[in-house]
Number of protein chains: 4
Amino acid sequence: MRILVLNNRYKEATEYMAGQLAAQLRALHFEVDIDNGRMEPVQNKPDLMIVLGGDGTILRAARQYGQTGIPMLGVNMGTVGFLSNIEINELEFYLERLLNLDYTVDERMMLEISIYHDKRAISKNYCLNEVVFKSPTPRMLSFILDVSGQVMSTYRGDGLIIASSTGSTAYSLSAGGPVVDPQLEAFVVTPIASHITSKRPLVVAPERVLSLTPLECSEAVICIDGQVKIDFEPEYRIIIEKAAHKLQLINLKKKPFYNLIDARLLGKQGL
Amino acid sequence: MRILVLNNRYKEATEYMAGQLAAQLRALHFEVDIDNGRMEPVQNKPDLMIVLGGDGTILRAARQYGQTGIPMLGVNMGTVGFLSNIEINELEFYLERLLNLDYTVDERMMLEISIYHDKRAISKNYCLNEVVFKSPTPRMLSFILDVSGQVMSTYRGDGLIIASSTGSTAYSLSAGGPVVDPQLEAFVVTPIASHITSKRPLVVAPERVLSLTPLECSEAVICIDGQVKIDFEPEYRIIIEKAAHKLQLINLKKKPFYNLIDARLLGKQGL
Amino acid sequence: MRILVLNNRYKEATEYMAGQLAAQLRALHFEVDIDNGRMEPVQNKPDLMIVLGGDGTILRAARQYGQTGIPMLGVNMGTVGFLSNIEINELEFYLERLLNLDYTVDERMMLEISIYHDKRAISKNYCLNEVVFKSPTPRMLSFILDVSGQVMSTYRGDGLIIASSTGSTAYSLSAGGPVVDPQLEAFVVTPIASHITSKRPLVVAPERVLSLTPLECSEAVICIDGQVKIDFEPEYRIIIEKAAHKLQLINLKKKPFYNLIDARLLGKQGL
Amino acid sequence: MRILVLNNRYKEATEYMAGQLAAQLRALHFEVDIDNGRMEPVQNKPDLMIVLGGDGTILRAARQYGQTGIPMLGVNMGTVGFLSNIEINELEFYLERLLNLDYTVDERMMLEISIYHDKRAISKNYCLNEVVFKSPTPRMLSFILDVSGQVMSTYRGDGLIIASSTGSTAYSLSAGGPVVDPQLEAFVVTPIASHITSKRPLVVAPERVLSLTPLECSEAVICIDGQVKIDFEPEYRIIIEKAAHKLQLINLKKKPFYNLIDARLLGKQGL
């Protein structure tokens, strides 16, 4: 069995733990690759992924390997996290069960973000949390949101967030969006500093296709899970839909979502 | 075929139109009952329901007849409505198709609200839009919300709204909740004037069971679709879950939900 | 020198402490009256007031005795309070300075609320925190707010709060209003569950006169500092202006307002 | 008498009208300078300023000439504006009164923004609407706000807006701030997409001094009235206080503030 261990190259402790874990797994005769984010994604197809870090590291793993359909265990190191399943000090305890594939899997909807120039798709990305369309300057953007062919109306303001339910507790929440149950597949559409004060967050069914067409957007950026940044050209159009694949999150320990919400609302670090 | 015509006894025009429509249908040899809300629900089981009025009249029809699983056509009279499918002046045009059962049906999740005293269920109600737990006085309520056994935490304030997606554009929206796609089955949990400013609306998966336990609620009322009012006793507990049946809304004409949202956000009358 | 000691008849500890304090003061040859809220306001004009309790007791004292212009010391018992200056366990320490009148005074703007029937004033009240115009039922109110003769526009929803800066951290905050510096004289106008989602809280200059005229308000109540409740008749009109007098709050100890805000935002009991 | 005519170099119509007006005034033997924003501020001290354009042009005029204490007339061209007093088509009608100095003046508080590096002030700016401290990237800022020496607490999120009452209807409103009466001198402190959901807008008395100290702000910008942009260095500290001078806005025609609010809330262009 081949195992991919991922960590966060900016957090030394995760780098160290990744080395330790790889040595331990190799001693048990597993094949192990390590991806700390410095290089291109690993080509060897693993049977299992172990992600050491916070939610940011899991977002990267989901974005880069989510399409493979290979189960992923989030192991939290140091801060509170919504996406991880166990804490680093619990890894020893759960390792045997993990290696025996004795776990259930939680599936999470991912977003597919396509950018079109004229009618040609020029980029396609997947993400777990959200895509943000935003002005990097104090100048307002204005654009049209269209849901499955139904023109919603014009937005004006700092920008728009289109999040998954999983991403509803991240940036979307800060911008005023609701907390959405991760068991529920949905898009959460949250305007950022809307000039039109009547605008409200929307929760959209996952079968819908969202399309964002700029009106006045001389400068704008697209941010995908806070990690990929694309400069927006005025002729671009963004299409967001549910990805065909789902992220496979390993569930060794029942971690109750609703108990964590209050900590997040108070802005606890790491959430 | 037996047809039930419903109207709003407080709106004379709907009373008049119900009489006209009944006469027209009887001339076509249909059996017709009329329910204007003055008396107990009609016992004859109809094959079709036609509701003349605004969203309030459809809410009543849904509450009283939704469990029968009989399809219902909402015919809007006078004001804009989210729940009606056609306008009164379109009824003549669509009548033949309606009577030939040439239509599709949109299913809407309904809520089942059970009130417990100690461990005994003392009342059960169904509704389409929302159940509201609220203080009728300036005194704050405090209570615990529990989602499928996970204690969320304590709320303090004027009260709480638990709405369906359908109800998300009604009272829940006024209290700060998101607009939720009617195609998406979900509970929308929106606090009213929360003393704890960090509280946010929640969108909860329909498989969950919500339970509300009072802490300090010397006076409180439960309102169901703004139509049924129950005085709350301090020992009560409220359980909200998805009803086993769905409301069957007749769809003769494609009515795009997303185009209506802006009008609702601006508080257009009748929405 | 005559001293009026006020307490909260619903909190036994305040009753007990009021008796103790009165005995101590009488032993020092002061004349003392006690007002626990059970009877009509005391007629003897005091030179000093000492209020034992939480913010509710101070609100009552302000409403009943604020016009006298006599300085008032808030002594907090048990819960955190914005209006009190010292804690009960600090009273012994500060008593000598208090009785020597060695203190500064903070002045707080009070509201004057007049209710008119046709053109006749039928009641006049003063309050420190806020006046609330609200529906006791799930039925929406609609009304017009007019600021110094400028018609603002129509409101529809659960109601409206008109608070002073002092009251901005009480009910107005729960309904979505801003925190306003108590040093700043202003009205804070906050809608409760506004059906029109574009509405926002307003902060109005103290020279303005606010006038509230009902459109559809079959049932409505007016609540003054959460303590006085007046049933609203459809022909009533409410005029809110700055009272001619100010509340004189004794300041023995510098209590920094901005340090308390975070605790209030998290809904700490007693705030 | 010397008159300074200002216009917006990006709007040709204002350029044309400035030329026309200058010619007309010179024919009447006034001395006239024109400032279209292309060059350094005019050095000749005028007795009167006439600003042709929208609110942006008035903001520039206020920033560059507000300290002179010379009265300024805002003449609106094309869009709705809060700051202008008359419309361009009314200028002919009011010109005689203007030139006879037959008008009243509204004074508006301006902000003084000082940036410190260590203990040294490295820049000082004045503005009418707001100063924004903001992240240009998706990375959160964290910083401490301190009000006259009272540490408020930590903020985390996209940034913070500190507006005057005049600026409360601009960007601060989009970010969730209240509408503040322009007659009331105050600071409006509004967080942008606060990670801590309990945060609320604050309205602070004009005597206070606000100080913003960064915690984690690797990249941040300061924007002054949306027109001046300063890159923020991690060791900077920002002090905001009320400027010693006030903007002198010429009032020829009573323009009621409260009547305009609803149009702004709906995001009408130009407001």
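Which of the residues belonging to region B:112-139 are touching a residue at least 24 places away in the same chain (Cβ under 8 Å) and touching a helix residue (DSSP H, G or I) at 6+ places or on another chain (Cβ under 8 Å)? Passing the criteria: B:N125, B:Y126, B:C127, B:L128, B:N129, B:E130, B:V132. The strands (runs of 3 or more DSSP E) found entirely in region D:114-164 that carry 2 or more residues being of a type in the set (S, T, Y) and away from chain C (no Cβ under 14 Å) are D:120-127. A:S198 meets the conditions (1) polar (S, T, N, Q); (2) within 19 Å of the chain's Cα centre (by Cα); (3) closer than 23 Å to D:A263 by Cβ in every case but one. The failed one is (2). With respect to the conditions (1) touching a residue at least 40 places away in the same chain (Cβ under 8 Å); (2) not assigned by TED's automatic domain parsing to the domain that holds C:A175; (3) not hydroxyl-bearing (S, T, Y), C:P256 lacks only one, and its number is (1). Answer yes or no as to whether C:P206 is part of a loop (DSSP other than H, G, I, E, B) and under 15 Å from the mean Cα position of the chain (by Cα). No, not satisfied. Flag: A:P256 does not match the condition of being within 14 Å of chain D (Cβ to nearest Cβ) and touching a strand residue (DSSP E or B) at 6+ places or on another chain (Cβ under 6 Å).
Within region D:24-46, the set of residues being farther than 22 Å from D:Q67 by Cβ and open to solvent by 30 Å² or more (accessible area, probe 1.4 Å) comprises D:Q24, D:R26, D:A27, D:L28, D:H29, D:F30.
Given the residues D:S172, D:S218, D:S198, D:S168, which is the only one that is within 14 Å of chain A (Cβ to nearest Cβ), out of contact with any Gly (no Cβ under 7 Å at 6 or more places or on another chain) and within 19 Å of D:C127 (Cα to Cα)?
Exactly one residue qualifies, and that residue is D:S172.
Return a yes/no flag: does region D:189-210 have any residue that is in contact with a strand residue (DSSP E or B) (Cβ under 6 Å, 6 or more places away or on another chain), among the acidic types (D, E) and either outside the structural domain of D:N85 (by TED's automatic domain parsing) or within 30 Å of D:T154 (Cβ to Cβ) (or both). No, that holds for no residue.
Determine, yes or no, whether A:G176 is open to solvent by less than 10 Å² (accessible area, probe 1.4 Å) and in contact (Cβ under 8 Å) with a residue 24 or more places away in the chain. Against the criterion (open to solvent by less than 10 Å² (accessible area, probe 1.4 Å) and in contact (Cβ under 8 Å) with a residue 24 or more places away in the chain), A:G176 does not qualify. As a summary of the residue check, C:D231 satisfies the conditions (1) open to solvent by 40 Å² or more (accessible area, probe 1.4 Å); (2) more than 12 Å from chain B (Cβ to nearest Cβ); (3) in contact (Cβ under 8 Å) with a residue 60 or more places away in the chain except for the one numbered (3). Residues of region B:60-72 include at least one that is among the basic types (K, R), closer than 22 Å to B:M110 by Cα and either within 15 Å of the chain's Cα centre (by Cα) or surrounded by fewer than 20 Cβ atoms within 10 Å (Cβ to Cβ) (or both). Taking region D:73-87 as the range and being under 21 Å from D:Y16 (Cα atoms) and either charged (D, E, K, R) or open to solvent by 10 Å² or more (accessible area, probe 1.4 Å) (or both) as the test, the residues that pass are D:M77, D:G78, D:T79, D:V80, D:N85, D:E87. Beta carbons closer than 9 Å, at least 6 apart along the sequence or on distinct chains, pair a first residue in region D:41-59 that is among the charged types (D, E, K, R) with a second that is part of a loop (DSSP other than H, G, I, E, B) and open to solvent by less than 10 Å² (accessible area, probe 1.4 Å) for D:D55/D:G81; D:D55/D:S84. Tallying residues that are open to solvent by 40 Å² or more (accessible area, probe 1.4 Å) and free of Cβ contacts under 8 Å to residues at least 40 places away in the same chain within region B:1-23 yields 7.
For region C:175-190, the set of residues classified as within 14 Å of chain B (Cβ to nearest Cβ) and either assigned to a helix (DSSP H, G or I) or out of contact with any helix residue (DSSP H, G or I) (no Cβ under 9 Å at 6 or more places or on another chain) (or both) consists of C:A175, C:G176, listed by residue number.
The set of residues from region C:139-162 being modelled with pLDDT of 90 or more and open to solvent by 30 Å² or more (accessible area, probe 1.4 Å) comprises C:M140, C:I144, C:D146, C:S148, C:T154, C:R156. State the number of residues belonging to region A:120-138 that are among the β-branched types (V, I, T) and surrounded by 20 or more Cβ atoms within 10 Å (Cβ to Cβ). Adding up the residues that qualify gives 2.
Can you confirm whether region C:201-211 contains a residue that is within 14 Å of chain B (Cβ to nearest Cβ), open to solvent by less than 40 Å² (accessible area, probe 1.4 Å) and in contact with a His (Cβ under 7 Å, 6 or more places away or on another chain)? Checked against the condition, which is being within 14 Å of chain B (Cβ to nearest Cβ), open to solvent by less than 40 Å² (accessible area, probe 1.4 Å) and in contact with a His (Cβ under 7 Å, 6 or more places away or on another chain), region C:201-211 yields no hits at all.
Listed conditions (1) in the same structural domain as B:E31 (by TED's automatic domain parsing); (2) touching a strand residue (DSSP E or B) at 6+ places or on another chain (Cβ under 6 Å); (3) surrounded by 20 or more Cβ atoms within 10 Å (Cβ to Cβ) are all met by B:Y94, apart from (3). Of all the numbered requirements in (1) modelled with pLDDT of 95 or more; (2) in contact with a helix residue (DSSP H, G or I) (Cβ under 8 Å, 6 or more places away or on another chain); (3) more than 30 Å from C:R200 (Cα to Cα), B:S211 misses one, and that requirement is (2).
The values are calculated or read from the model by the stated rules, or taken from the named source; none is laboratory data. This one's a predicted model, so the numbers in the text were calculated from it and none came from an experiment. Cβ sites come from the backbone with ideal geometry, for glycine too, and all protein chains shown count toward neighbours. Remember, those area values only see protein heavy atoms, side chains included, never the ligands or the DNA or RNA. Shrake-Rupley method; radii C 1.70, N 1.55, O 1.52, S 1.80 Å.
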